[in-house]
Structures are given as structure tokens and as C-alpha cells.
1. Select from segment 214-243 the residues that are crowded, with 16+ Cβ neighbours inside 10 Å and hydrophobic (A, V, I, L, M, F, W, C) and write down the one among them that is farthest from Glu188 (Cα to Cα).
2. If Gly192 satisfies all but one of (1) of a type in the set (Gly, Ala, Ser); (2) under 22 Å from the mean Cα position of the chain (by Cα); (3) surrounded by 15 or more Cβ atoms within 10 Å (Cβ to Cβ); (4) farther than 26 Å from Glu112 by Cβ, what's the number of the condition it fails?
3. Can you tell me which condition Arg63 does not meet? The list is (1) under 27 Å from Trp105 (Cα atoms); (2) surrounded by 21 or more Cβ atoms within 10 Å (Cβ to Cβ), and all the others hold.
4. Which of the following residues is in the same structural domain as Ala110 (by TED's automatic domain parsing) and either outside any helix (DSSP H, G or I) or within 17 Å of Ala110 (Cβ to Cβ) (or both): Ala173, Ala154?
5. Would you be able to tell me the number of residues in segment 86-111 that are among the hydroxyl-bearing types (Ser, Thr, Tyr) and surrounded by fewer than 20 Cβ atoms within 10 Å (Cβ to Cβ)?
6. Of everything in segment 194-211, what is in a helix (DSSP H, G or I) and under 19 Å from Gly169 (Cβ atoms)? Give them in sequence order.
7. In segment 144-168, what residues are farther than 11 Å from Ala184 by Cβ, more than 17 Å from the chain's Cα centre (by Cα) and surrounded by 17 or more Cβ atoms within 10 Å (Cβ to Cβ)?
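The values are calculated or read from the model by the stated rules, or taken from the named source; none is laboratory data. All values reported here derive from a predicted model rather than from experimental measurement. Positions of Cβ are generated from backbone atoms using ideal geometry, with glycine treated the same way; all protein chains shown enter the neighbour counts.
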Amino acid sequence: MTPTFSELQAAAGRGDHDEVLRLSAARLAEVPGDDASHELRARSLLALGRLEEAEREADDAVRLDPEEIRYRELLADILSARGAHRDAATEFGELARNDPRQADWTLAEARERLDAAQPEMGAEAARRAVKLDPRNGRAQLELSRALARTGDAAGALTAAGAALRLLGGLPEAREALADAEWLADQDEAAFGQFRALAGELHERDRERVIGKARTLYRQHAGWLGRLLAAVPPLFDLAFRNGWLKV
């Protein structure tokens, strides 16, 4: 007996990905053109980290119903998770062009362009998002990040300041401001911001800002300071306790 789509939806709602895959395989064997089953199958495969298979299922859903926005957004998300950032940016950009009032897709394109080492295109997408809504803090944040990557210190500072005001001191916005200050040769301010963030962030985020602080410190340090910076635990201790300056 062919599983019903309601059964498939129920399994997806429970987060039972193995059951989704079992039911969807049985259903597609009987109803091969069921695009919604391909979608749910792709979502479960994505959740399980089986990204290449998820991409194939999402591609099938898009092929069967190219006008369904949900499928194209899912495909873009899978491409992003797989590290195919240029392809993901293209998908998000296409979605944004089809609905220019939708800022989220434009922002997603900007993020993917940065991850794809295309900062100029990222800045262009972020500018479109800011134009749609100048009070969108996330748009200002992505614009600051992109402009910093292109070397536009003044533009990055302005956008980071706007993001900080709009996002209420969110660590991401403060890090973007510190990056922009560093680019603008406001090294003391950037170093202090990195120290404050290192006390608040955890794991990879903390390691990232400490790494930036270490690089910034090396730019100013003498041979003894560079020796200290070469020993991460020692630098970490001195940095966190405020013993280091630039």
C-alpha cells in the first residue's frame, strides 16, 4: 500500500528522518512525480548531513515545480551547507530578483558572496538590502563586513556603527566595528573591543577574535612581544588580564 502524504508529513513533523526516508522512497516508487515528497526527503537528508543526496532530491523538486519558491530556497540552503557558496549565492540572488521587496534573500546572497570570496558582489547585494530597509541592522552588518573585505574603511565604519545601534550591541556587530576600526588604523579601539568580546564569546567565536587580537598585537610588538604572541596560552592569559596594549 502506497504511504499517504499525510503519513509522510507526520513523520517529518516528529523529526523521524529515517521514517521520512522509508516512507518517501515507497511513495516515490508509486508516485514518481510527487515533488513534495522529494522536498521532505531532501529536508531529512539535510538534517542527517547527507548533503549530496539532499541536493539531488531538492534538484528533483525544483525540476518538477520550478515555480515553487520553497524548493529553490531549500536548494540554496543545501548548497550553502555543502560549501558551494557561489551556487548558493546565485540561487538566493534569483529568489531576490523574483521578489525585490524580500530583504532576507538579498542578505543571504550577500553572506554567500562573502563566503565565496566575492566581497565586491557581497557589498553590492548588501547595499540592495540596506536600500530596501535602512533600519535593518542585519543588512547594515553584512554591508560593513563586505566593505571591510574590500578595504573600504570609512564605509565599513559607518555601516558597523549603524548595525551596532540597530542591533543593540550584538557581539557580531561589535566585532564588525572592531574589524572596521582596525582597517581604519584605530588599533587601540579595535584591540579593546576584541578583548571585551573574548570575555563574552565561547569556543570558535572566542578563538577567532583572540586570533585577530594576536595578529593586531604582532603588528605593534617588538621581538619580545612577538615571542609572547607565538605562545597562544601565554598570549591568552596576558590578553585577558589587560596586560597588553597596542
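1. From segment 214-243, those crowded, with 16+ Cβ neighbours inside 10 Å are 214, 216-217, 221, 225, 228-229, 235-236, 238-239; that's our starting set.
In the following step, the residues that additionally are hydrophobic (A, V, I, L, M, F, W, C) were identified as 216, 221, 228-229, 235, 238-239.
Working: Leu216: 10, Ala221: 13, Leu228: 19, Ala229: 17, Phe235: 17, Ala238: 16, Phe239: 13 Å.
The selected residue is Leu228.
2. With respect to (1) of a type in the set (Gly, Ala, Ser); (2) under 22 Å from the mean Cα position of the chain (by Cα); (3) surrounded by 15 or more Cβ atoms within 10 Å (Cβ to Cβ); (4) farther than 26 Å from Glu112 by Cβ, Gly192 is out only on (2).
3. Unmet condition: (2).
4. Values: Ala154 fails: either outside any helix (DSSP H, G or I) or within 17 Å of Ala110 (Cβ to Cβ) (or both).
One residue alone meets the criteria, Ala173.
5. Within segment 86-111, the first condition is being among the hydroxyl-bearing types (Ser, Thr, Tyr), and the residues that meet it are 90, 106.
Still in the running and surrounded by fewer than 20 Cβ atoms within 10 Å (Cβ to Cβ): 90.
The qualifying residues number 1.
6. In the first step, residues of segment 194-211 are kept if they are in a helix (DSSP H, G or I); the result is 194-198, 203-211.
Result: Phe194, Arg195, Ala196, Leu197, Ala198, Asp205, Arg206, Arg208, Val209.
7. Ala159, Ala162, Leu164, Leu166
Table: residues versus (1) in contact with an Asp or Glu (Cβ under 6 Å, 6 or more places away or on another chain); (2) within 30 Å of Arg56 (Cα to Cα); (3) not aromatic (Phe, Trp, Tyr).
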position	(1), (2), (3)
His85	yes, yes, yes
Asp104	no, yes, yes
Arg113	no, yes, yes
Ala117	no, yes, yes
Ala123	no, no, yes
Arg145	no, no, yes
Gly155	no, no, yes
